[in-house]
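See below for the structure under consideration.
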Amino acid sequence: MDGASSHSGRRWFITQLAHSGVSAKVIMTLAGHRHLSTTQRYIEVNDQMMKAAVEVL
């Protein structure tokens, strides 16, 4: 796949979990990260996520 890297799969995995509402701490543990800031770098935020967050209100 063009443009794919080992980080592409990790980014997809972590982002999908975040989109599904899995807690950041659980995602961090599943990803094998020691620091939440590392996990947060992998999460891609998009318009759909922002809309869902606002709809919670």
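Data for the structure
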item	result
Residues (in contact with a Ser or Thr (Cβ under 8 Å, 6 or more places away or on another chain) and either closer than 13 Å to Ser20 by Cα or not in a helix (DSSP H, G or I) (or both)) located in the stretch 31-56	His33, Ile43, Glu44
The stretch 11-37, residues that are over 21 Å from Met50 (Cα atoms) and not hydrophobic (A, V, I, L, M, F, W, C)	Thr29, Gly32, His33, Arg34, His35
Residues of the stretch 24-57 satisfying the condition of being touching a helix residue (DSSP H, G or I) at 6+ places or on another chain (Cβ under 9 Å) and of a type in the set (Gly, Ala, Ser)	Ala24, Ala31, Ala52
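Computed from the coordinates by the stated procedures, all read-outs in this text should not be read as laboratory data. Remember, predicted model here, so these are calculated numbers, not experimental data. Here the Cβ is made from the backbone with ideal geometry for all residues, glycine too, and neighbour counts use every protein chain on show.
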